[in-house]
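Input: a single structure, listed below in structure tokens.
The values are calculated or read from the model by the stated rules, or taken from the named source; none is laboratory data. Values in this document were obtained by computation on a predicted structure and should not be read as measured data. Methodologically, a virtual Cβ is constructed for each residue, glycine included, from the backbone with ideal geometry; neighbour enumeration extends over all protein chains shown.
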């Protein structure tokens, strides 16, 4: 409704402007523009000033949140004891064993003797299993409809069904590969006709095939595919219709003389904090060592991250008395709150800590005049040499350690319902309100302009009428007898 009225008002104004000043000769358009501009200026300046202030606050709060988030990310790398140490492994015979140590692995030197590698089982149908089938090599002979149930040593069973329409070795191979995650089948022609091979996908004796049972018609060739691992022996590698090409076996390894058996070549938990991968048999040594200076670098990294944050806070709150220039959050209560909380976190002792290490100051870390931290390298090195565990606990202690309590401050000011997010949303709403104020100002200025135009148009018409009257009277006076001159 307001927009329609405004458009109508603008049409009236435009039509009137085309004839303004004709009667009086006054620059009515210029005069109206100056008067409207004088009316607009104070209100528009106020809106512009408020918009600039809000934009600066939103920008400042965004930088504050970003700085806190970056500091929080740095604290994530200082929350566990493993963050203050870095270990590495060395294997004498690298091709035999691969070793990977986690951060919690203790220092040590171990003898590893691999006696046997874990391997999967492989079966194949006997060479003469289908020797009486003349055209089997063409793939046209049917095995017959029925079920083939394969049982693993761990008790897992899987059943595969053939129908009259699909009952060749290729059909059985497809059924196994499509349905099973424990087995893989293939059909291989070794020159004596096609043979079905079965392999277990997992290594170890517990994943071996223990039995293959067939349920088919009495004359069906499918019945020849039975198997029972119990029939296998030292000198017996066949059972039913299958020959065992490779037996499933567990990995056997001795670590410092202690024998360990596993169904896989990936060993977890054999060495504390160290994962082993067995690649070959033999004997080697595995050494776990700690890199020097990791804890020192971690503490330095904390100080650098804190100083980066503090420098950003100082810039946001800066004030130059000479130029009277100030940071975009100078005097802001939220910024002051962050500065005060962080200052307390780096100066207060950590609850529950006893002994010589209870606060950052005990490590030779002091607060400078601008709020940043400085490290006394010699004192920090001495503390690490004297009681490395206490230094690590100072940062990593659950709930009350330096990292935990500072992460709490970060979350307090940057979390979903934090004061920074709440203030930013309120400022955006204020910005939206100023947009409405600007729209109302434009509408008001259009009305004022129309009023001025109407007033000056009336004046212009009156002046034109007076000019016409004056001209008429002048003409009449000129026409009087006494004024006739020849």
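The set of residues in the stretch 121-147 that are at pLDDT 90 or above and buried (at least 18 other Cβ atoms within 10 Å of the Cβ) comprises 121, 123, 124, 125, 146. The residues in the stretch 224-251 that are surrounded by fewer than 18 Cβ atoms within 10 Å (Cβ to Cβ) and more than 19 Å from residue 154 (Cβ to Cβ) can be counted, and the count is 10. With respect to residue 298, determine if the residue is under 31 Å from the mean Cα position of the chain (by Cα) and under 30 Å from residue 388 (Cα atoms). Criteria met by residue 298. Here residue 62 qualifies as part of a helix (DSSP H, G or I), outside the structural domain of residue 463 (by TED's automatic domain parsing), surrounded by fewer than 16 Cβ atoms within 10 Å (Cβ to Cβ) and at pLDDT 90 or above. Residues of the stretch 165-193 that are more than 51 Å from the chain's Cα centre (by Cα) and touching a residue at least 60 places away in the same chain (Cβ under 8 Å): 190, 192, 193. When 213, 251 are checked against the criterion of being at pLDDT 95 or above and either under 30 Å from residue 284 (Cα atoms) or in the same structural domain as residue 281 (by TED's automatic domain parsing) (or both), 251 stands alone in meeting it.
Listed here are the residues, each with its yes/no results for (1) surrounded by 14 or more Cβ atoms within 10 Å (Cβ to Cβ); (2) assigned to a strand (DSSP E or B).
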{"residue": "74", "(1), (2)": "yes, no"}
{"residue": "79", "(1), (2)": "yes, no"}
{"residue": "83", "(1), (2)": "yes, no"}
{"residue": "90", "(1), (2)": "no, yes"}
{"residue": "93", "(1), (2)": "yes, no"}
{"residue": "105", "(1), (2)": "yes, no"}
{"residue": "110", "(1), (2)": "yes, yes"}
{"residue": "113", "(1), (2)": "yes, yes"}
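Among the residues making up the stretch 282-329, those that are touching a helix residue (DSSP H, G or I) at 6+ places or on another chain (Cβ under 8 Å) and part of a loop (DSSP other than H, G, I, E, B) are 317, 327, 328, 329. Any residue at all in the stretch 13-27 that is modelled with pLDDT of 90 or more, assigned to a helix (DSSP H, G or I), more than 23 Å from residue 336 (Cβ to Cβ) and in contact with a helix residue (DSSP H, G or I) (Cβ under 9 Å, 6 or more places away or on another chain)? Scanning the stretch 13-27, I find no residue that is modelled with pLDDT of 90 or more, assigned to a helix (DSSP H, G or I), more than 23 Å from residue 336 (Cβ to Cβ) and in contact with a helix residue (DSSP H, G or I) (Cβ under 9 Å, 6 or more places away or on another chain), so the answer is no.
Candidates are the residues of the stretch 164-177 that are loosely packed, with under 15 Cβ neighbours inside 10 Å and out of contact with any strand residue (DSSP E or B) (no Cβ under 9 Å at 6 or more places or on another chain); the one that is farthest from residue 241 (Cα to Cα) is 165. Looking across 83, 33, one residue alone is at pLDDT below 90 and under 30 Å from residue 277 (Cα atoms). It is 83.
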